[in-house]
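Reviewing the structure listed below.
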Amino acid sequence: MSLTTTNLDGILPLIARGKVRDIYQVDDQTLLFVATDRISAYDVIMENGIPDKGKILTQLSEFWFDFLPFSNHLIKEDLFSRLPAQLAEPKYRQQLEGRSLLVRKLKLVPLEVIVRGYITGSAWKEYKKSGTVHGLKVKEGLQESQEFATPIFTPSTKADQGEHDENISPEQAAKIVGQELCDKLAAAAIDLYVRAKEYAKTKGIIIADTKFEFGLDSNDELVLVDEVLTPDSSRFWNAQSYAVGKSQDSYDKQFLRDWLTANKLNGVDGVKMDDQIAVRTKEKYVEAYEALTQKTWN
């Protein structure tokens, strides 16, 4: 079974439902993030979910929050000790356990902070057309999936649900958040990406690119928020099968995207995935989780 939506019967106010997360307010300073099993592709949420996906994403994010030496929004306390007593009842506990995070409520930076270590996806499409990536001139003669000499900061706008994020240049990002903050975001994100990329390589996974999100605390210091380095926010490749000059098999929504494309369903609302596609997609999430954390998923 998969959990595609939560229902806490108004015990906590629901703040938002994103593509994956349901967000509730615990108090003025605290939010509850619940990662559902929803999955989207081509900006459309499927009717059915991927069993345990939300739990895998949550527990992988917790691993990275511990691994990375950077301030984050996680509140490390027993979940149910901070929540209203009713939420410990079985019908709520089964919705929350293993897939929820207590987090600090912060002022969000209105950018998707993307770092690319390899040229692929929308960056490859732009490069073939204009020799640029997010408006930045990069080295000539690159092949698809080739590693950049140094990772690059390639931000995008943070769109509302149902809208498309828009790739922008660092210069455009600076106009949105200010040059000083933009420079801080770029430096922090590249450092975090490099640390994660080097670790993942030792576990047989290439992190081709990733998306970070940041908030600001009361001292205007950067804090890492949302999810971190999961198959939903990153492009993971198998290092053993990696080869320059072609697209790579990825650990995220490859089966789902291929199935939608083959059935001419990409971008169509109200689609229910084939059960086999859901099972195979879960297997890829589990594979990535086990490789990176060195823990067995159960």
Q.
List the residues, sorted by chain then number, that are 5 or more residues from I114 or on another chain and whose placed amide H is less than 5 Å from its amide H.
A. T154, S156, F212
Q: Could you list the GluC sites (Glu not before Pro) in region 13-111 that lie in coil according to DSSP, counting only those with at most 15 other Cβ atoms within 10 Å of their Cβ?
A: E47, E77, E97
Q: Can you tell me how much longer the chain between Q179 and D220 gets when fully stretched, taken as 0.36 nm per residue apart minus their C-alpha distance, in nm with one decimal?
A: 13.3 nm
Q: Give me the distance in nm between label points sitting 7 Å out from Cα along the Cα-to-Cβ direction at L108 and K137, one decimal.
A: 3.6 nm
**Q.** Rounded accessible area per residue of the chain, 1.4 Å, Å²
**A.** 48 Å²
Q | Mean projected area in nm² (Cα convex hull; one quarter of hull surface) for region 177-221 | A | 3.7 nm²
Q.
Helix-only mean residue ellipticity at 222 nm, the chain, DSSP H runs n ≥ 4 weighted -39,500 (n - 2.57), per residue, nearest 500. What is it?
A. -10000 deg cm²/dmol
Q) Which value in Å does the Kirkwood hydrodynamic radius of region 1-158 take, with 1/r averaged over all unlike C-alpha pairs and then inverted? A) 18.2 Å
Q: Rounded to whole Hz and in sequence order, give me ³J(HN,Hα) for region 197-205 from the Karplus expression 6.51 cos²θ - 1.76 cosθ + 1.60, θ = phi - 60°, writing x for Gly and Pro.
A: 4, 5, 5, 4, 4, 5, 10, x, 10
Q) For M1 and F148, FRET efficiency with R0 = 41 Å and r from the beta-carbon atoms, rounded to 0.05? A) 0.45
Q.
Rounded to whole Å, give me the distance from the Cα center of region 1-47 to that of region 128-192.
A. 28 Å
Q. Under the Karplus relation 6.51 cos²θ - 1.76 cosθ + 1.60, θ = phi - 60°, what is the ordered set of whole-Hz ³J(HN,Hα) values for region 142-156, x standing for Gly and Pro?
A. 6, 9, 4, 6, 6, 7, 6, 4, 9, x, 10, 7, 10, x, 9
Q: Could you let me know the centre-to-centre spacing of region 66-100 and region 227-298, using Cα atoms, in angstrom?
A: 26 Å
Q.
From Cα pairs below 8 angstrom and at least 6 apart in sequence, can you work out the relative contact order of the chain, rounded to a whole percent?
A. 20 percent
Q) In nm, to one decimal, how far is the Q94 label point from the Y42 one, both placed 7 Å along Cα→Cβ? A) 3.5 nm
Q | Stretch gain in nm, segment D78-T293, where the contour uses 0.36 nm per residue and the Cα spacing is subtracted | A | 75.3 nm
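The values are calculated or read from the model by the stated rules, or taken from the named source; none is laboratory data. It should be emphasised that the depicted structure is a prediction, and the values quoted were computed from it without experimental measurement. Glycine also receives a Cβ, built like all others from the backbone with ideal geometry; neighbour counts cover every protein chain displayed. The area values use the complete protein model at the heavy-atom level, side chains included, leaving out ligands, DNA and RNA. Shrake-Rupley method; radii C 1.70, N 1.55, O 1.52, S 1.80 Å.
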